[in-house]
Amino acid sequence: MRSGEGLSRRLGFWSSVGIVIGITIGSGIFRTPATIAARVPSAPAILGVWLAGGVIALCGALSVAELAASLPATGGWYVYLREGWGRLTGFLFGWAELVLIRASATGAIATVFSEYLVRSLGYDPAALPTATHYIAAAAIIATAGINIRGVQLGALVTGISTVAKFGALVGLVVAAMLLGGRAGGSIAHLSSAAGPVSAGGFGLALISVLWAYDGFGDVSFVAGEVASPGRTLPRAIVTGTVAVVIIYLASNVAYLYVTPVSGVARSGLIAADTMQALFGAPGATFVSLIVTISTLGALNAIMMGAPRVFFAMAEDRLFFRPLAAVHPRYHTPYVAILFAGALGVLFVMTRTFEQLADTFVLSIWPFYALAIAAVYRLRRLRPDLVRPYRVPGYPVVPAIFIGAAAYLIVSALVADPVWTGVTFGVILAGVPVYYFAFATKTTKTN
């Protein structure tokens, strides 16, 4: 199994944990609580959907950790799909990454970064839409440059932002618990409800929650550059995911303690509003700056991981060969990084945050389900594959994740059949592309 010819294994445990947390904690925890409160207007239901999302993400993390340890090659999810289900499935994931997934994620997070940066400077981003788009594009270009310069530099930037945003969320939780009573906070808010909760509403809320939890397995994209991957990757994936679940639940308890459900549903910037209630305008400005740092770190981490998919595909002769080029000085897949950056700029200049986020969720979760299902298939077809780590609770734990992914997809089809159908149609358009251009090519051997 190739790990990425020419790439160096320089990332250790803490750098890998930082990538997991840095990618996962992006815009979701700061932007989605209002949407979730509107869909499930009950404090216990809100905490329940965040807990359910955390359990699903943890089941996914525990499962993908086995794949990451067994197949520690650059490309992550692409590699697991290719090895588990064949070259066509691997190509379709790469095709979806190319035309939908990563460009949408990059554009969405860059948009939130730009909006909060403008807000922290004292301006209304809604009044400066053109400037917001250009700032987002500039952020994508800047993070592409950082990652071309070197994986260690990219990991350092992600690590610094991870410490800042994780620490800020911890500070918000502590401040809310200690000072929230003076700002109208009450334990009674945690059991309050502003309306009934429906099964459909819970499903829609879960979609928003899973956007916030996405990223638990994305350190696998740079698996070819992780030292001692069989030991490091499982520990980093599980440690990072557990940390995110805990801070997400604690943050939502803090939000709901300070602000009742009805108020959370009306607050598009709940973290800023919580800090403003506690500390006034300086608190809101501080949180806006932290969200700016948070989203920049997530954007940088995505830019670190996504191009490795195109790199791995090009190595496998499932994509254009120039994308496999490694920089002679920095030892990074610089052409793939430039390509991913260009796609991100195109998307961020032409689509809204909501369009980008919805497209991302709809297009990636079917592949997550298939990849986790590959745990079962590979155990049957390749029993002799070295597995330094095995999924605890097998076969139940992977089944929970797959069932949740199926529920998510069905909910999306019921809620918005037209757009969901269009998204899946774009993905399936990769089938003729594969047979026309790549089906007859064989994987390059060492």
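The values are calculated or read from the model by the stated rules, or taken from the named source; none is laboratory data. Since the structure is predicted, the reported quantities are computational estimates derived from the model, not experimental observations. Cβ sites come from the backbone with ideal geometry, for glycine too, and all protein chains shown count toward neighbours.
Any chance you could count how many residues in the stretch 93-148 are of a type in the set (Val, Ile, Thr), under 30 Å from Tyr80 (Cα atoms) and either surrounded by fewer than 24 Cβ atoms within 10 Å (Cβ to Cβ) or at pLDDT below 80 (or both)?
4
Restricting to the stretch 95-134, and then to whatever is part of a helix (DSSP H, G or I) and among the charged types (D, E, K, R), can you tell me which residue is farthest from Val426 (Cα to Cα)?
The qualifying residue farthest from Val426 (Cα to Cα) is Arg119.
Pick out the one residue from Leu362, Leu408, Leu413 that is more than 30 Å from Glu315 (Cβ to Cβ), out of contact with any strand residue (DSSP E or B) (no Cβ under 8 Å at 6 or more places or on another chain) and crowded, with 16+ Cβ neighbours inside 10 Å.
Result of the check over Leu362, Leu408, Leu413: Leu408.
Provide a single number: the residues in the stretch 171-185 that are in contact with a Ser or Thr (Cβ under 9 Å, 6 or more places away or on another chain) and surrounded by 14 or more Cβ atoms within 10 Å (Cβ to Cβ).
Residues meeting the conditions: 7.
Of the residues Ala340, Ala369, only one is among the small types (Gly, Ala, Ser) and surrounded by fewer than 23 Cβ atoms within 10 Å (Cβ to Cβ); which?
Exactly one residue qualifies, and that residue is Ala369.
How many of the residues in the stretch 74-89 are in contact with a Phe, Trp or Tyr (Cβ under 7 Å, 6 or more places away or on another chain) and either surrounded by fewer than 23 Cβ atoms within 10 Å (Cβ to Cβ) or modelled with pLDDT under 90 (or both)?
6
Can you name every residue in the stretch 257-282 that is under 25 Å from the mean Cα position of the chain (by Cα), surrounded by fewer than 24 Cβ atoms within 10 Å (Cβ to Cβ) and of a type in the set (A, V, I, L, M)?
Ala265, Leu269, Ala272
Among Pro333, Pro328, which is crowded, with 23+ Cβ neighbours inside 10 Å and on the phi < 0 side of the Ramachandran plot?
Result: Pro333 is the single residue among Pro333, Pro328 that is crowded, with 23+ Cβ neighbours inside 10 Å and on the phi < 0 side of the Ramachandran plot.
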